[in-house]
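Right, one structure below, let's go through it.
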Amino acid sequence: MIIILFIIFHWYFSLFFQTFFHHRYAAHQMFEMSKTWEKIFFIGSWVGQGSSYLSPYVYGALHRQHHAYTDTELDPHSPSYDETMMKMMLRTRDVYNNILFGRTELEEQFTKNLPKWKAFDAMAGSWGSRIFWGLFYIGFYMIFATQPWMYLLLPVHFLMGPIHGAVINWFAHKYGYTNFDVNNTSKNLLPLDFLMLGESYHNNHHKRGNNPNFGFKWFELDPVYGIIRVFDAVGIIRLKAVES
């Protein structure tokens, strides 16, 4: 039971930072925050994503490319150009590393105002950090796992961040329904959103890219938007006006 609770907690804790900090803040600048809070969320992202830590700077640039080039050959992750989810994930990894190590020269539209903490990214993305978190997960399972099959869940912990991205970037461009006509294959995956904290309303997001509420219809509930409103109310962030 402890292992099941642990993987559920890790899934949602990691996903919150990815959707709130990496996606809605870094990539889309839907709200503002102080540099102090920015660093707090950097650290929270490291704790949440652990061995699969993703640089908010690189994630933001890569995700902006996805919006600019959706479903074209320049899209960092599109089922339209990859035969399998694994091939798509490997191509995304290559694009990510090219940005991380400065092998790609990016236009200003992809880097403007992205959160940057190079020293922390270097530490959090290092092999030492990744091995530390991997050993932590293994140690936790050695203490609390009660059945051998539970160890099969460890790869989910190791690759949590990329898995979250792959679920949306693959399935939400292949299956689901649409609320808006857009010039790409983005769709909404309502039945899966209890696992994705609003991220599965992908068609809505591609139509309204600057809107912090990923839901559109009354039944499309975006739980992270509720947290965003609370953070705005107490002064942790400052929501920007949504362009019509």
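The values are calculated or read from the model by the stated rules, or taken from the named source; none is laboratory data. Please read all numbers here as calculations on a predicted model, not as lab measurements. All Cβ positions, even for glycine, are placed from backbone atoms using ideal geometry, and neighbour counts span all protein chains on display. Please note that ligands, DNA and RNA were not included when accessible areas were found on the heavy atoms of the full protein model with its side chains. Shrake-Rupley method; radii C 1.70, N 1.55, O 1.52, S 1.80 Å.
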Residue, most open to solvent (accessible area, probe 1.4 Å), within the stretch 80-105, restricted to residues that are in a loop (DSSP other than H, G, I, E, B) and in contact with a helix residue (DSSP H, G or I) (Cβ under 6 Å, 6 or more places away or on another chain): T104
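Only one of F136, F110, F120 is of a type in the set (A, V, I, L, M, F, W, C), more than 16 Å from the chain's Cα centre (by Cα) and surrounded by fewer than 16 Cβ atoms within 10 Å (Cβ to Cβ). Can you tell me which?
Step by step, each of F136, F110, F120 is checked, and only F136 is of a type in the set (A, V, I, L, M, F, W, C), more than 16 Å from the chain's Cα centre (by Cα) and surrounded by fewer than 16 Cβ atoms within 10 Å (Cβ to Cβ).
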Only residues that are under 23 Å from T92 (Cα atoms), over 15 Å from the mean Cα position of the chain (by Cα) and not hydrophobic (A, V, I, L, M, F, W, C): list them for the stretch 170-205, please. H173, K174, Y175, G176, N183, N184, T185, S186, K187, N188, N203, N204
Residues in the stretch 142-151: is at least one within 24 Å of S45 (Cβ to Cβ) and not polar (S, T, N, Q)? no
In the stretch 175-218, how many are closer than 14 Å to H28 by Cβ, open to solvent by less than 40 Å² (accessible area, probe 1.4 Å) and at pLDDT below 95? 1
Considering every residue within the stretch 115-127, establish whether at least one is at pLDDT 95 or above, polar (S, T, N, Q) and under 26 Å from W37 (Cα atoms). yes
Any residue that is hydrophobic (A, V, I, L, M, F, W, C), closer than 16 Å to H164 by Cα and touching a residue at least 60 places away in the same chain (Cβ under 8 Å) - is there at least one of those in the stretch 8-15? yes
Scan the stretch 218-232 and tell me whether some residue there is of a type in the set (S, T, Y) and more than 30 Å from T36 (Cα to Cα). no
Do we have H28 as more than 27 Å from L154 (Cα to Cα) and open to solvent by less than 10 Å² (accessible area, probe 1.4 Å) here? no
Given the condition without any contact (Cβ under 8 Å) to a residue 24 or more places away in the chain and part of a loop (DSSP other than H, G, I, E, B), answer yes or no: does some residue in the stretch 56-69 qualify? yes
So, E199, is that one touching an Asp or Glu at 6+ places or on another chain (Cβ under 9 Å), touching a residue at least 24 places away in the same chain (Cβ under 8 Å) and either assigned to a helix (DSSP H, G or I) or farther than 25 Å from Q49 by Cβ (or both) or not? no
